[in-house]
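Chemist: First the structure, then my questions, so here it is.
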Amino acid sequence: MNFAVLASGRGSNLQAIIEAIKAGKIKADLKVVVSDKKDAYALEHARQAGIPDVFISPKDFQDRESFDRAVVERLREFNIDFVVLAGYMRLLSGYFIGQYPNKILNIHPSLLPDFKGAHAIKDAFEHSVAVTGVTVHIVVEEMDAGPIIKQESLPIEPHDTLESLEEKIHKLEHRIYPEVIDLFARGHVEIGNGKAIDL
Ligand code: GAR
């Protein structure tokens, strides 16, 4: 199975995925990394690993869908079977999702449906919830929604700072995302009735 990673930022999840592939823990091929941000460190991680990196500027397109059409066109060149979002901070259009139905994964740093959006760790910390966590789900048109494949929780301890919580969340993400990607690539995740079942 071939997949692509889409990332907008520092790419620590991408790097965890690259390492898991090297260690034989993900039995699928990462063919290309695409970013909507020219200076995303994720692109540097790809280059260092010898994986083709592609930057596509949203400024070159009139709207979300025409940008997504350009991304999908590039993905087609790499015969991608599924897509992994790793800190990709753009909402995918219906067009994009329709090209890869039930074949796009996302990771989000909270126990969805709590704390959707771009600041989930900070929001959970500021709400002083006792427990937060990480969710891996299938991407649908609605932001940070879609069938949940895996969730793992994490207590927020009284001595935690935002920084220590971020560190713990990222550590958890780097463990569970490669696990889910491998399960997915090997056909162990079935989607039906809005639910994802880990076979
Ligand atoms: C990760 O924490 C990921 O869960 C989050 O962005 C971060 C990217 O970090 N994604 C979202 O908030 C999606 N709504 P990374 O670039 O170091 O992998």
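The values are calculated or read from the model by the stated rules, or taken from the named source; none is laboratory data. All values reported here derive from a predicted model rather than from experimental measurement. Neighbour counts run over all protein chains shown; Cβ positions are idealised from the backbone, glycine included. In case anyone asks, the SASA skips ligands and DNA or RNA and just uses the protein heavy atoms, side chains included. Shrake-Rupley method; radii C 1.70, N 1.55, O 1.52, S 1.80 Å.
Chemist: Going residue by residue through the range 75-83, is there one that turns out to be within 17 Å of the chain's Cα centre (by Cα), away from the ligand (no atom under 16 Å from the Cβ), among the aliphatic types (A, V, I, L, M) and open to solvent by less than 70 Å² (accessible area, probe 1.4 Å)?
Modeler: yes
Chemist: Additional query: With respect to the numbered conditions (1) touching a Gly at 6+ places or on another chain (Cβ under 8 Å); (2) more than 11 Å from the ligand (Cβ to nearest atom); (3) farther than 20 Å from PRO178 by Cα, which one is the sole condition not fulfilled by ALA40?
Modeler: Condition not satisfied by ALA40: (2).
Chemist: Now a separate question. Of the residues ILE107, ILE138, ILE97, only one is among the hydrophobic types (A, V, I, L, M, F, W, C) and either more than 15 Å from the ligand (Cβ to nearest atom) or without any contact (Cβ under 8 Å) to a residue 40 or more places away in the chain (or both); which?
Modeler: Testing whether each residue is among the hydrophobic types (A, V, I, L, M, F, W, C) and either more than 15 Å from the ligand (Cβ to nearest atom) or without any contact (Cβ under 8 Å) to a residue 40 or more places away in the chain (or both) leaves just ILE97.
Chemist: Of everything in the range 33-63, what is buried (at least 20 other Cβ atoms within 10 Å of the Cβ) and within 14 Å of TYR88 (Cα to Cα)? Give them in sequence order.
Modeler: VAL33, VAL34, SER35, ALA40, ALA42, LEU43
Chemist: With (1) exposed (fewer than 15 other Cβ atoms within 10 Å of the Cβ); (2) near the ligand (Cβ under 10 Å from one of its atoms); (3) over 14 Å from the mean Cα position of the chain (by Cα) as the list, and GLU166 as the residue in question, which single condition is left unmet?
Modeler: So GLU166 meets the others, but not (1).
Chemist: Please verify whether the range 177-193 includes one or more residues that are in contact (Cβ under 8 Å) with a residue 40 or more places away in the chain, crowded, with 19+ Cβ neighbours inside 10 Å and not in a helix (DSSP H, G or I).
Modeler: yes
Chemist: So, one more: Select from the range 16-37 the residues that are in a loop (DSSP other than H, G, I, E, B) and within 11 Å of the ligand (Cβ to nearest atom) and list them in ascending order.
Modeler: LYS37
Chemist: Identify the residue in the range 110-135 that is among the charged types (D, E, K, R) and within 12 Å of the ligand (Cβ to nearest atom) and, among all such residues, is nearest to GLY87 (Cα to Cα).
Modeler: LYS116
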